[in-house]
1. Name the pairs: first residue in the stretch 156-182 and within 23 Å of Thr327 (Cα to Cα) and open to solvent by 10 Å² or more (accessible area, probe 1.4 Å), second residue assigned to a strand (DSSP E or B) and of a type in the set (Ser, Thr, Tyr), Cβ to Cβ under 7 Å, at least 6 apart or on different chains?
2. Restrict the check to the stretch 189-200 and report whether at least one residue is more than 16 Å from ligand 2 (Cβ to nearest atom) and either surrounded by fewer than 17 Cβ atoms within 10 Å (Cβ to Cβ) or assigned to a strand (DSSP E or B) (or both).
3. So if I check each of Ser260, Ser246, which one is open to solvent by less than 10 Å² (accessible area, probe 1.4 Å), touching a Lys or Arg at 6+ places or on another chain (Cβ under 9 Å) and within 16 Å of ligand 2 (Cβ to nearest atom)?
4. Going through Asp241, Asp221, Asp254 one at a time, which residue ends up being surrounded by fewer than 22 Cβ atoms within 10 Å (Cβ to Cβ), of a type in the set (Asp, Glu) and within 25 Å of Lys74 (Cβ to Cβ)?
5. Would you point out which residue out of Leu243, Leu329 is in contact with a Leu (Cβ under 9 Å, 6 or more places away or on another chain) and assigned to a helix (DSSP H, G or I)?
6. Being crowded, with 19+ Cβ neighbours inside 10 Å and assigned to a loop (DSSP other than H, G, I, E, B) narrows it down to one residue among Ser3, Ser55, Ser30, Ser13; which is it?
7. With the requirement that a residue be farther than 20 Å from Pro128 by Cα, among the β-branched types (Val, Ile, Thr) and surrounded by 18 or more Cβ atoms within 10 Å (Cβ to Cβ), what does the stretch 303-352 give you?
8. Scan the strands (runs of 3 or more DSSP E) fully inside the stretch 68-131 and keep the ones with 1 or more residues being among the hydrophobic types (A, V, I, L, M, F, W, C), more than 15 Å from ligand 2 (Cβ to nearest atom) and open to solvent by less than 20 Å² (accessible area, probe 1.4 Å).
Amino acid sequence: MSSTIQIKRIEKSKIESVDFNNLPFGSVFSDHMLTCTFKDGKWQDLVIEPFAPISLSPAAKIFHYGQSIFEGMKAYKDADGNTLLFRPLDNCKRLNKSAERLVIPQIPEEIFMSGLKALLKIDEAWIPTNEGSSLYIRPFMFASGNGFHASPADAYKLCICTSPSGAYFAGKVKVLIEEKYARAANGGVGFAKAGGNYAAQFYPTQLAIDKGYNQVIWTDDNTHEYIEEAGAMNIFVRINDTLITSPTSDRILDGITRKSIIQIAKDKNIDVEVRKISVSEVIAAAQAGSLKEMFGAGTAAVISPIAGFGFKGVDYDLPELEKPFATTLKKAITDIQTNKAEDPYGWRVLVK
Ligand code: PLP
Ligand code: COI
């Protein structure tokens, strides 16, 4: 299809009712959303319309078989009022990688990008300018076709909604290293942003919350000997002055924040190792005093320092550092995202 966009504007904006100085994460929604439908073997009807419920048959396969994927991105305003995206093509590519694994049709980059940019233009006023806030963008695709036969649907929807958002976590995060449950398995869908991956995290995460932690550190499903991700973030561990992160795999999401942080850290002459990190190595480092920092990295949470972790009934605290890597790297990436610093990598995309 050509990406002609049909635009139906809201009659009265809801923006007046939003307190931009007190934004939660992901629960205030902008005026418009974008939808596009896949049926009869092709994408059609690219529409920007008021944010509103979507009507589906109770037989839609999304309800029965969870054929659903999503992305997480952010838009920022710079000091001159320009709208900026961060590595948006990487999100589009990853959406299509997830789509392939979940047998959802590929969305052409041209439809995704032109639709997204048009949506951001219309709801430009919803992009927060306060430090630490941004417009969280949630593109998702799901099976809207009907039937109880356990097979891929014959119709799908792409939808993009946006949400002016503040911080994902308030303050530092305390995590529990998982010994029993797994979020992903070899040969599974852990590398994809499949909705079901997150549903499967809720129960073990709730058990951790009940014990006084905020998040789970996922370990490998087979041995639980290696740490892999931190909730819905990639994980970084600093031992002495070396920053270590797990290699991506079938089980680990190839995070855009993660790969950006690796690049920025290397360019700041920080020693970076991409390798497996064993729980026993982390415990030994904590005991020896060489475990300096742990942090999660992801679009929603940016960089979230971990204050301490629990393992086998013992709690370990991380030291309070004067100049943590987490602070330096968070500033570096957000300065690029918001055009406060040069972007030598070409990651920033201006929405014209
Ligand atoms: N890991 C998981 C499981 C995630 O859901 C996310 C969030 O998108 C990330 C890591 C971080 O990825 P990104 O930096 O691309 O947002
Ligand atoms: C993101 O960081 O954008 C994510 O998708 C994580 C999400 C589960 C809030």
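The values are calculated or read from the model by the stated rules, or taken from the named source; none is laboratory data. This one's a predicted model, so the numbers in the text were calculated from it and none came from an experiment. Note that each Cβ is placed from the backbone with ideal geometry, even for glycine, and that neighbours are counted across all protein chains shown. These area figures cover heavy atoms from the full protein model, side chains too; ligands, DNA and RNA do not enter into them. Shrake-Rupley method; radii C 1.70, N 1.55, O 1.52, S 1.80 Å.
1. Phe169/Ser304
2. The answer is no, given that none of the residues of the stretch 189-200 is more than 16 Å from ligand 2 (Cβ to nearest atom) and either surrounded by fewer than 17 Cβ atoms within 10 Å (Cβ to Cβ) or assigned to a strand (DSSP E or B) (or both).
3. One residue alone meets the criteria, Ser260.
4. Asp254
5. The conditions single out Leu329.
6. None of the other options fit; the residue is Ser30.
7. Ile306
8. In the stretch 68-131, the matching strands (runs of 3 or more DSSP E) lie at 83-86.
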